[in-house]
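Have a look at the structure below before the remarks.
Here, each number is a calculation from the coordinates, and none is a lab measurement. Since this is a predicted model, take the numbers as computed values, not measurements. Note: ideal-geometry Cβ built from the backbone for every residue, glycine included; neighbour counts use all protein chains shown.
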Amino acid sequence: MSIDVLLTLAVGYAAAILFFFARRLKSAARTASFILLGTSVLASAILLHTDILAIRCLVAFTLCIFLLHVWDLDLDPERDSRLRLKDYMIFVADSAWHVARIRDGYEVHLSARQRGFDAARYVGGFCLVSVLAAVVFTLDWRPHSFLLEHSAKSTCLGIWIVWAFNANTAIWRLAGAPAGFFMGRNALSASSPADFWRRWNRPMYHWLFENVFKPARRRTDPRVAMLAAFAVSGLLHEYLFGVTFRCVTGYVTAFFLLQGMAAALTRRFRPAGGFLLPATLATFVFNTISTVFLFIPINQRIPFYVNDVPQWANPW
């Protein structure tokens, strides 16, 4: 690993750890410390000079994790989770444990045998899914439509992400750290956008619920609070894409705002009986088409698609 990568992570991690000593300050001083140190965490990416996109993405993702945990600790005094410094040092780096006081679902009491079995199962499954993803991405998609290529690749990549994060969770658990699985229920069977986001990335869902939705809900309508949560998620992902590709396009934020509006509109939608299958199919189609906005910035830097992106999917 190059010096710039190690230096970037070291500076970001040190800034995140320093906030532990500011957690008992009065609210205004603690928030000022959070803004200063949180900004330092994200700004440490300027030290990153490598041109390897995978490494840039991994470092940017890690810095986002550091920020999430500093943000969570900023609100933590009123929750009283009582993290010690040693626990906090693990918490800051643990990419499958986002909310300090919520331990349900993190399975901290699993036996060593069970943790070892889970690690072998999920790491093995991730390797198998990676091989299948490589096959899908190496197929010749030129005889097929753009939407068919996008549907196959985006679905395949989504499944790969789930297994990658589940393998990560199993490894953290094997090391003895709290960690939650990426999904509780299959997101492909979600019957609405709101249902999908309740299932997708559960650790991040808990973080957004506790640190964005709840504080915003005290001051405004729940639908506005939901949009605020999606906006924060969009900005974090925009940062991730921006650091990785050295370019900010706005497509990523647009995707999350679109999904936020859809989730707010369907938050009370609970189809049953004969409406369940059409609703599930409609949700899959909506998610598949809207994820074009996520992959346009990628395609601008690396050949994600072999077919040309149509104009309707590339409005600016």
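Here are the numbers for the structure shown:
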| quantity | calculated |
| --- | --- |
| Cβ-Cβ FRET estimate between VAL131 and ASN299, R0 fixed at 22 Å, reported to 0.05 | 0.40 |
| GNM top mover of ASP51, ASP118, ASP94 - the chain, alpha-carbon springs below 10 Å | ASP51 |
| Per principal axis, descending, Cα span of segment 101-181 in whole Å | 52, 26, 12 |
| Helix runs (DSSP H) in the chain reaching 27 Å along axis by Cα, Kyte-Doolittle at least -1.0 | 53-75, 112-138, 146-174, 222-245 |
| Gained length - ILE46 relative to ILE159, 0.36 nm times residue gap less alpha-carbon distance | 37.5 nm |
| Extension gain, LEU277 back to ALA29 (0.36 nm per residue minus Cα-Cα distance, nm) | 84.1 nm |
| P(r), alpha carbons of the chain - 20 Å bins starting at zero, rounded % | 28, 62, 10, 0 |
| The chain: relative contact order in percent, alpha carbon pairs under 8 Å with at least 6 residues between | 18 percent |
| Student exercise, the chain dipole from Lys, Arg, Asp, Glu Cβ charges, in Debye to nearest 20 | 960 debye |
| Residue among SER33, SER189, SER145 with the largest mean-square fluctuation in a Gaussian network model of the chain, springs linking Cα atoms under 10 Å | SER145 |
| Distance in nm between pseudo-label sites at PHE146 and LEU235 (7 Å out along the Cβ direction from Cα) | 3.1 nm |
| Principal semi-axes in Å for segment 13-77 [√(5λ), Cα gyration tensor, largest first] | 26, 10, 7 |
| Shape metrics for segment 183-316, restricted to C-alpha atoms - Rg then Dmax, Å | 15.8, 48 |
